[in-house]
């Protein structure tokens with residue numbers, strides 16, 4: 001699969017490759033060794049366009065960050081603070097958005113539009129080709145916008161490479 005993707009899109013600067021999402025079934029050492037094979041096997045893909053997941057559920061970044069084999073790559077971190085019952089989901093999202101904005105990282109929210117998912121931010125309305133979206137979680141949408149530097153009348157940067165602070 002990766003050979004096909006790299007052959008087709010490897011020269012496109014807008015395509016980033018993440019060899020595996022949430023490598024939870026691997027030990028930290030096992031994941032590091034497996035993940036290190038991808039950049040070595042695909043030297044034509046610039047390291048700055050390779051995203052290496054943290055160990056486990058993309059949460060343990062030290063596993064990747066402490067290994068020089070990943071120098072120049074980007075890392076992926078998942079934050080599941082909604083499992084923390086000591087604070088509200090809104091507090092958790094606000095904290096994550098503020099941290100990402102301060103580090104110029106931005107955020108991605110996985111179930112943005114997913115039918116029947118109570119975490120979703122948008123709902124699909126209509127049928128056939130007459131579809132539209134409506135916001136079901138305005139505060140969640142606003143936290144995403146804030147993390148990317150959106151303020152009233154100002155949109156985030158939409159071209160170029162991710163901020164330097166996002167790189168390893």
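Where a number appears in this text, it was derived from the coordinates with a stated rule and is not lab data. Keep in mind that this is a model prediction, so the values were computed, not measured. Virtual Cβ from ideal backbone geometry, glycine too; neighbours counted across all protein chains shown.
Structure notes:
- Between residue 104 and residue 132, the simple label model (points 7 Å from Cα in the Cβ direction) yields a spacing of 3.9 nm.
- Over all orientations, the stretch 1-78 has a Cα convex hull whose mean projected area works out to 4.7 square nanometres.
- Prolate/oblate/rounded call for the stretch 88-155, Cα gyration tensor, a/c under 1.5 rounded: prolate
- Once the Cβ-Cβ distance of residue 118 and residue 40 is raised to the sixth power relative to R0 = 41 Å, the FRET efficiency obtained is 0.50.
- Estimated FRET transfer efficiency (residue 4, residue 91; beta-carbon r; R0 45 Å; 0.05): 0.55
- Considering only alpha-carbon pairs that sit under 8 angstrom and 6 or more positions apart, the relative contact order computed for the stretch 88-155 is 34 percent.
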